[in-house]
1. In segment 108-159, what trypsin sites (Lys or Arg not before Pro) fall in a loop by DSSP, with at most 16 other Cβ atoms inside 10 Å?
2. Given the Cα-Cα distance of Asp101 and Ala169 and 0.36 nm per residue of separation, how much length would full extension add, in nm?
3. Using a 1.4 Å probe, how large is the accessible area of Lys62, given in Å² and rounded to the nearest 10?
4. Taking 0.36 nm per residue of separation and subtracting the Cα-Cα distance, what length does fully extending Arg192 through Arg147 add?
5. Calculated from DSSP H runs of 4 or more alone, at -39500 (n - 2.57) each and per residue, what is the 222 nm mean residue ellipticity of the chain, nearest 500?
6. May I ask for the percentage of alpha-carbon pairs in the chain that lie more than 33 Å from each other?
7. For Ser19 paired with Thr203, estimate the spin-label separation in nm (one decimal), with each label point 7 Å from Cα along the Cα-to-Cβ line.
8. Using DSSP to call loops (not H, G, I, E or B), can you name the GluC sites (Glu not before Pro) in segment 101-205 whose Cβ has at most 11 other Cβ atoms within 10 angstrom?
Amino acid sequence: MQFDMRALPLPARYKIINSTVTPRPIAWVTTLSTDGVRNAAPYSFFNAVGDDPPLLVLGLLKHPRHGGMKDTASNIMATGEFVVNLVCEADAERMNRCSVDAPPELDEIEYAGIETAPASVVKPPLIATAPVSFECRKVAALDIGPRQTVILGEILMAHIKDEFVIDAAKAYVDNPAMKLIGRTHGSGWYLRNGDAFQMDRPTYDPDWRERQ
Ligand SMILES: Cc1cc2nc3c(=O)[nH]c(=O)nc-3n(C[C@H](O)[C@H](O)[C@H](O)COP(=O)(O)O)c2cc1C
């Protein structure tokens, strides 16, 4: 079956993407407004897209009720800074609490009972319980269509909790121990990071036809 994404109504387009592009990592983004109000919110239209410079991408949809920017997008556009914190199982409920449609003047970090730590080079705080936090600066913002802003951020500083660093000199990190979670299909479904398998990357065999 084919779905013409150009003709489908918006909720159906969202469902097609949400229920196929899985699992998605979750960026738990901390920002500050120009007035200094602290904000935290989860975004799973998120991924790493490069390493020179180290780049992350966030897909920020417009607010479903008033059609303006969500607080995270307004804050990033106004200040150029944000922190992407990765979400572990123990933080799942606090992360979820941050997805409420709260007024912009609410300190969502206090509302969700989040413990913070100061960042090194940007103003928004780190989430102290997150296994990994990336301090970022906005390098580009693309408004593609009326309903979304895509933000590209350069990672300036990566924080990984000591207990997950196996060998700092070689940058070996114990990913399974972090117990990160991701979004999967359907409303409110999540995945634990626990069913990995390994495949070595093959080299090209110029005689591959003959071997068939
Ligand atoms: C796990 C999860 C992932 C989400 N991913 C996105 C996303 O990628 N883009 C988006 O616009 N909203 C996403 N949301 C909804 C926002 O978190 C929600 O609209 C929130 O209120 C935005 O907060 P803010 O206005 O403080 O930025 C997600 C919610 C959850 C629970």
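The values are calculated or read from the model by the stated rules, or taken from the named source; none is laboratory data. Predicted, not measured: the structure shown is a model, and the values here were computed from it. Cβ coordinates were reconstructed from backbone atoms using ideal geometry, including for glycine residues, and neighbour counts include every protein chain displayed. Accessible surface areas use protein heavy atoms only, side chains included; no ligands, DNA or RNA. Shrake-Rupley method; radii C 1.70, N 1.55, O 1.52, S 1.80 Å.
1. Counting only loop positions with at most 16 other Cβ atoms within 10 Å, the trypsin sites (Lys or Arg not before Pro) in segment 108-159 are Arg147.
2. 20.2 nm
3. Accessible area of Lys62: about 40 Å².
4. 13.2 nm
5. Taken over the chain, the calculation gives -3500 deg cm²/dmol.
6. 21
7. Calculated label separation equals 4.5 nm.
8. On the way: sites: Glu105, Glu108, Glu110, Glu115, Glu135, Glu154, Glu163; in loops: Glu105, Glu115.
Passing both the DSSP loop test and the Cβ count: Glu105.
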